[in-house]
Amino acid sequence: AAKSAGKNQVVVFDGELRAARMRQTRIATGLRRALARGEFALHYQPVVDLATGDIRSVEALLRWIPEGGEPVRPDVFIPVAEETGLIVEIGLWVLEQACADARRWHESHGITVAVNVSGRQLRDETFSDAVLAMLDRHELPERALTLEITESMLLATTQVETTRIVEVLTRLREHGVRIALDDFGTGYSSLSYLRALPVDVLKIDRSFTTPLTEADHQRTRAFTRAIVELSASLGLSTIVEGVETREQADVLRQMGSPLGQGYLFSRPVTAERIDDLLLVAPWKRAA
Ligand code: C2E
Ligand code: MG
Ligand code: MG
Ligand code: MG
């Protein structure tokens, strides 16, 4: 009986694997057509000065709504875009759109824009030239753009590829583009990546924010405070992700964290909505 159960398990596993692979293929097929069909949109989420409530920057977050279908989450389609290499072309569209939208925000309010990039994009030989040319074309100063990278992006890369990525980041940074280390604290060796990578901004992952105000919060608070202080002493700018409540914002402000991002202020919204939020920020009136 045990033997046949084992066999069945193999069959089930095999079936699941095949289903997952079919889903991947379906998403890849959809992604290949998505740019031409105009199915992508960019939403933006404000990053807020916790002391004044002012918007300081926005993060561009990609949205995909396939024609006649339901929206697909970035967590689902970005990995497929990376595996198929489609992320290179999609990523250029994201950068182009973000630069176009950011120009007026930068002119009117000094707002900078952050764009998430994948390791696959950074390994592309033409990436840094493409970014610099794009900034030039949109007349957006280099310092108005931040590229967000994650340490997990380096997990599957060889030593040679990692060196190459660091070179690309260093070159862009020498031109004034800022680099943010995203989801900080979630990986296996966050500290060694922080030492190795050329970064200007540290984004503390929201898994440190959620438990801040829970009953048994002492340890989380100690960790979060330590990271905020580490970031400051390295001369980095610090953004805490996933701020959902006023209480969390208060605790973070007391810890000396200058910037927060999360649903308390705004979900990711359209560019037009950002224009409105720059004029009137509802969270400021409610304070
Ligand atoms: P991320 O860069 O860490 O972006 C933050 C994610 O947290 C976003 O999810 C955002 O909607 C969500 N979030 C923001 N505030 C809160 C909050 O208060 N509570 C909670 N629970 N969540 C919050 P989203 O938009 O689904 O994006 C997921 C991930 O997909 C991003 O994580 C990023 O890694 C990736 N991604 C999104 N757009 C792009 C892109 O254009 N290129 C690349 N390469 N990756 C992207
Ligand atoms: Mg990000
Ligand atoms: Mg993040
Ligand atoms: Mg993330």
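Readers should treat all values here as calculations from the given coordinates under stated rules, not as data from a laboratory. Just so it is clear, the structure is predicted and the values come from calculations on it, not from any experiment. Neighbour counts run over all protein chains shown; Cβ positions are idealised from the backbone, glycine included.
Residues with beta-carbon under 11 Å from that of residue 204, excluding residue 204: net charge, scoring Lys, Arg +1 and Asp, Glu -1?
Summing Lys/Arg as +1 and Asp/Glu as -1 gives -1.
Express the relative contact order of segment 67-177 as a whole percentage, based on alpha carbon pairs under 8 Å and six or more residues apart in sequence.
Computed over segment 67-177, the figure is 27 percent.
Per the Kirkwood treatment, what hydrodynamic radius in Å, one decimal, follows for segment 85-165 from the mean inverse distance over all distinct Cα pairs?
For segment 85-165, inverting the mean 1/r across all distinct Cα pairs yields 13.3 Å.
Compute log10 of I(q)/I(0) for segment 1-132 with the Debye formula, placing one identical point scatterer on every Cα and leaving out solvent, at q = 0.16, 0.18, 0.23 Å⁻¹, to two decimals.
-0.89, -1.03, -1.34
Could you work out the relative contact order of the chain, using alpha carbon pairs under 8 angstrom and six or more residues apart, expressed as a whole percent?
18 percent
What number, in nm² with one decimal, is the all-direction average of the projected area of the convex hull of the alpha-carbon atoms of the chain?
For the chain, averaging the hull's shadow over all directions gives 18.9 nm².
Tell me, rounded to the nearest percent, the portion of alpha carbon pairs in segment 118-238 spaced more than 23 Å apart.
That tail contains 36 percent of the Cα-Cα pairs.
Direction-averaged shadow area of the convex hull around the Cα atoms of segment 164-227, nm²?
The number I arrive at for segment 164-227 is 4.9 nm².
Please report the antiparallel percentage of DSSP beta bridges with both residues in the chain, rounded to the nearest 5.
Taking every DSSP beta bridge within the chain, about 40 percent pair in antiparallel fashion.
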